[in-house]
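The numbers here are math on the coordinates, done by the rules we state, and not lab data. Bear in mind that the values here come from a model prediction, so they are computed numbers and not experimental data. With ideal geometry, Cβ positions are generated from the backbone for all residues, glycine too; neighbour counts draw on all protein chains shown.
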Amino acid sequence: MGEVAITKRLLSLILILCMLAFCLLGCSNNQMIPQGYASKEEFLDPDGFMDYADYCKYYYKDKEKFANNPKYRELSESDIEVISGYFADYRSWMEVGDRLKEYDFDINNITVGDYVYIETKEGIPIGESYYGKYDNYTVYFFDTDSCTLYYIHLNI
């Protein structure tokens, strides 16, 4: 019985250390956020563990890291409505969480020639149902006019 209690405590300690490391690293440890940004602003969900919303901005000197990245794709006119939908949904969650003072994204910044990468669980089974379009997503949007990478993550 003593060994089981020690093992449980050790596993709990390891879990706590992993969570702490994740919190300290923030968004910028993400592989989809190219290194070399000049500065950053990160607004991590203070109450987030399983369900959370993170908003981060990374400022670059030019678009080179995105234009030459095969994972990012350049926006066409038909993409604007799709990307705007994610940011509109995200804004509504920031409003519900009383976090609009942290969120300054303007949907009008989404234009042809910008770059995007989207991760979503849309359509993946969850229990007896499936994830919807806005249930769990991460959007990396690079605005070429301001050379800013906007990162939004929502997991409901």
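For this structure, a couple of remarks:
- Note on Leu100 and Tyr130: their simple-model spin labels are 3.4 nm apart, each label 7 Å out from Cα toward Cβ.
- Residues Thr111, Thr138 arranged by fewest to most Cβ contacts within 10 Å: Thr111, Thr138
- Separation in nanometres of the label points that stand 7 Å from Cα toward Cβ, at Glu42 and Glu77: 4.0
- Pairwise label distance in nanometres, Asn108 with Glu64, each label 7 Å out on the Cα-Cβ vector: 3.2
- Neighbours of Gly113 by Cβ distance under 12 Å: Lys/Arg scored +1, Asp/Glu scored -1, total -4.
- Residues in region 61-85 that a label on Ser146 would reach, taking backbone N under 20 Å of a point 7 Å out along Cα→Cβ: 61-67, 73-76, 80-85
- Under 26 Å from the Cα of Lys133 - lysines, other chains or at least 8 residues apart: Lys57, Lys71, Lys101, Lys121
- Taking the number of Cβ atoms within 10 Å of each Cβ as an exposure proxy, the fewest-first ranking of Phe87, Phe66 is Phe87, Phe66.
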